[in-house]
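The numbers here are math on the coordinates, done by the rules we state, and not lab data. As the structure is a prediction and not an experimental result, all values here were calculated from the model. Here the Cβ positions follow ideal geometry from the backbone for every residue, glycine too, while neighbour counts run over all protein chains shown.
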Amino acid sequence: MFSVLIVLHILAAVAWIGGMIFLSLVLAPLVVSRKAAPEFMALFRLAALRFRIVVWTAIGILLTTGPMLLAQRSIDMMNPATWPGILTFKLGLVALLLLLTFSHDLVLGPKVSQARAIPASSRTAWEQTIVQTARWLPRLSLLLALAVAAAASVLARS
């Protein structure tokens, strides 16, 4: 059972991080370059929306298997004072990553769609800020996800 949990946990993390890398480093630069046809931009939006389902499924798997794996290692989730330092660090990064993901998907996303419907020259300063934030927030999330993965590898070896 322990091995199945580990495989599920790793596959969920790989799906999430791998998708973030692909969207951030492959697809997004094509859209930003403005060399992409409007059809491609629509395809990017559809891919990002589809990826959202993968992300939230992966989050569900990670939040289910993580505590189960810790329990298998006899780590008491109800007593943070007994946690290894790397676990505390990892869970802090996870909390921040979840906050950014929630903000990006459920708060910022709809506002960006509204702001992008307005010609750039007619946007308010706040709408410009929202559009700019939508560009860097996923990359920040990717860096956090990579830090979580690094912390997980350290935790696994301790």
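How many nm separate the modelled label positions at residue 120 and residue 6, each set 7 Å beyond the Cα in the direction of the Cβ?
5.0 nm
Which of the helices in the chain, when you take each full DSSP H run, stretch at least 27 Å along the axis at their Cα atoms and have an average Kyte-Doolittle score of -1.0 or higher?
In the chain, the long hydrophobic H runs are 2-22, 38-72, 125-156.
Tally Lys/Arg at +1 and Asp/Glu at -1 over every other residue whose Cβ is under 15 Å from the Cβ of residue 123; what's the total?
Taking every Cβ under 15 Å from that of residue 123, the sum is +2.
Taking loop as defined by DSSP and a crowding limit of 16 other beta carbons within 10 Å, which trypsin sites (Lys or Arg not before Pro) in region 79-158 fit?
Hits after loop and neighbour filter: 123, 157.
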